[in-house]
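Here's the structure, in structure tokens; my notes come after.
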Amino acid sequence: MTPRFASPDTPAIPLHIVAKNDLDGWLESQPASISQWVRVNGFNASSGSALAVPDASGNIALALAGYGTPDARARSRFVLASAATKLPERTYRIAGGLPANLAEQEALGWLLSTYQFTRYKDDKPRLHGLVAPEGINPSRIEAIAAGEWLTRDLINTPANDMGPDALETAARNLAAHHNASIETITGEDLITGNFPMIHTVGRAAKRAPRLIDMTWGQSGPQLVLVGKGVCFDTGGLNLKPASSMGLMKKDMGGAATVLGLAHMIMALNLPLRLRVLIPAVENAVAGDAFRPQDVLTSRKGLTVEINNTDAEGRLVLADALALADEAEPDLIVSMATLTGAARVAVGPDLAPFYTDSDADADALATAANAAADPVWRMPFHSPYETMIEPAVADLDNAPSGGFAGSITAALFLRRFVTQTSRYMHFDIYGWQPSAAPARPKGGAGQGARALLEALPELLAL
């Protein structure tokens, strides 16, 4: 399935969106039979509530979706999506009550609510169709939803079917769909190509490590997206406990998110040059696994002392960021499920991001509100640089002490972007711990829609 709005000429049930404070007025405008039905069924227009109203023959004449109060809406996202799942499986058309400034957001939420991961189980598809509301660009919303679906599918796929090779296949399929170019450097060729840390992290796994390099677009500013593609993370010789290893199929969530965002950009034909770099590896345990206290030399020439093999994501990202930096693009953005410290700081719902540009941070924050994709700025706090500088090498991949873990990881990555003036890093979670409107439990894109919304200002498109 792909996310699609119903055709405008599809027979559809009128759907009235009613805020709690507007319910009495709406009821007074309706025939007595409808008002009585609504009252008898206890519909009070609370946020996300829904009610189907029959006609005299028992068919659905219209439906109601509760829009609650401003305070209730501030505590949630995608209110219409919440109502949609409570309605009978039919096709609906917005008949009124949807604020024009929220039409795109709520229509997107409706499409996202129909997502199902069906690779291993043929669930009945959700048939809550929606005719696109007036005033929105349906193709744009469908492209955004499709990118999010791609991200969710990739993260939800377990590591036995989503190793570095399968992640490469997904990238190649996306490139073919959009006539993009793609190259891959694999296995021992990473050494000759000077990507030593990608090779070192992935060399213990049976499925070879690789660097995926996709390019698209002929003109305009250049955007480079770098996504962490650790397809499974055991922790290496610093082996994770079972409780921490259970969700490590999602450790390639950064790669999944940049591929979803890349789809959005290419499907919308944005006037820019796009490059996507994904270091794809498994952090496995074997005789040739890298060890604590090893010192690695990166593509950048910086040496890195390994004080925890479970801090491997920043190592593979570092080589990819160094490559991106060599071309001096207009903007580099890295996305990674990098640290548990970020989750402790802001929880699973917010996407922490780092940038040295106040203007870029403001543009992203504004766009995040419009896209219903919440983000939170974290500091590139330079005084903490000493925490990542060990005695025996240029950098420490896992400074001791336990303080500021997300910040020190971001500072580590920033060391590899020296020629490009604008760099932004996202330390995302990539997972929805429990179901919420438009967001089933499982893989989740974070930050991609906010970035897409901000690109016109970030890159003067």
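Each value in this text was obtained by applying a stated rule to the coordinates, not by laboratory testing. Everything numeric in this text was worked out from a predicted model, so none of it was measured. Methodologically, a virtual Cβ is constructed for each residue, glycine included, from the backbone with ideal geometry; neighbour enumeration extends over all protein chains shown.
Under a model in which nothing but the beta-carbon of Lys, Arg (+1) and Asp, Glu (-1) is charged, region 13-133 shows a dipole of about 400 debye around its Cα centre. Would region 1-107 count as rounded, prolate or oblate if I go by the C-alpha gyration tensor, calling it rounded below 1.5 in a/c and otherwise prolate when a/b exceeds b/c, oblate otherwise? The shape class here is oblate. With neighbour counts taken as other beta-carbon atoms within 10 Å, the residues 120, 354 rank, fewest first, as 120, 354.
Each of 79, 162, 62 was scored by the projection of its Cα onto the charge dipole of region 37-195, and the greatest displacement toward the positive side belongs to 62; charges sit on the C-beta of Lys, Arg, Asp and Glu.
Give the order of 110, 431, 376 when sorted by the count of other beta carbons within 10 angstrom, beginning with the fewest.
Listed from fewest to most nearby Cβ atoms, that is 376, 431, 110.
Computed from point charges on the beta carbon alone (+1 for Lys and Arg, -1 for Asp and Glu), the dipole magnitude for region 229-312 about its Cα centre is near 400 Debye. If you look at the Cα atoms of region 79-219, you get an Rg and a Dmax of 20.3, 62 Å.
Under the membrane-span-like helix rule (DSSP H runs whose alpha carbons stretch at least 24 Å along the helix axis, mean Kyte-Doolittle hydropathy -1.0 or higher), the chain yields 138-156. In the calculated pair-distance distribution of region 42-97, the portion above 19 angstrom amounts to 28 percent of the Cα-Cα pairs. Convex hull volume of the Cα atoms of region 123-175, normalised per residue: 96 Å³. Between amide H atoms placed 1.01 Å from N, distances below 5 Å from residue 422 occur with 332, all of them 5 or more places distant or on a separate chain. Could you list, in their original order, any pairs among 206/249; 124/228; 240/300; 86/441; 206/441; 86/121 whose Cα atoms are separated by more than 27 Å? From 206/249; 124/228; 240/300; 86/441; 206/441; 86/121, over 27 Å: 124/228; 240/300; 206/441. Taking only the C-alpha atoms of the chain, the Rg (one decimal) and the largest Cα-Cα distance, Dmax (whole number), read 23.8, 82 Å. Given +1 at the Cβ of Lys and Arg, -1 at the Cβ of Asp and Glu and no other charges, the dipole of the chain around its Cα centre is 1160 debye to the nearest 20. For region 165-243, the equivalent ellipsoid built from the Cα gyration tensor has semi-axes of 27, 15, 12 Å, listed from largest to smallest.
Counting other Cβ atoms within 10 Å as a rough exposure proxy, the listed residues 13, 306 run 13, 306 from fewest neighbours to most. Per residue, the average separation of C-alpha pairs within less than 8 Å and at least 6 apart gives the chain a relative contact order of 15 percent. Normalising the average separation of contacting C-alpha pairs (under 8 angstrom, six or more residues apart) by the number of residues puts the relative contact order of region 341-394 at 37 percent.
From the alpha carbon centroid of region 178-196 to that of region 330-384 is 29 Å. The DSSP beta bridges internal to the chain are antiparallel in roughly 40% of cases. Placing unit charges on each Cβ (+1 for Lys and Arg, -1 for Asp and Glu) gives region 142-458 a dipole about its Cα centre, and among 198, 324, 284 the Cα reaching farthest toward its positive end belongs to 284.
Normalised by residue number, the volume inside the convex hull of the Cα atoms of region 219-321 is 99 Å³ per residue. The tail of the calculated P(r) for region 349-461, taken as Cα-Cα distances beyond 18 Å, holds 57 percent of the pairs.
Centre-to-centre separation between the Cα atoms of region 235-298 and those of region 412-430: 15 Å. For region 409-461, the pair-distance distribution built from all alpha carbon pairs, in bins 5 Å wide starting at 0, is 5, 14, 17, 17, 18, 14, 9, 5, 1 percent.
When only C-alpha pairs under 8 Å and at least 6 residues apart count, what is the relative contact order of region 91-223, in percent?
Contact order relative to length: 21 percent.
Note on region 330-461: dipole from Cβ charges, positive end direction compared against 346, 461, 387; the farthest Cα belongs to 346. In terms of the mean number of neighbouring beta-carbon atoms within 10 Å, the peptides 220-232, 363-375 order highest first as 220-232, 363-375.
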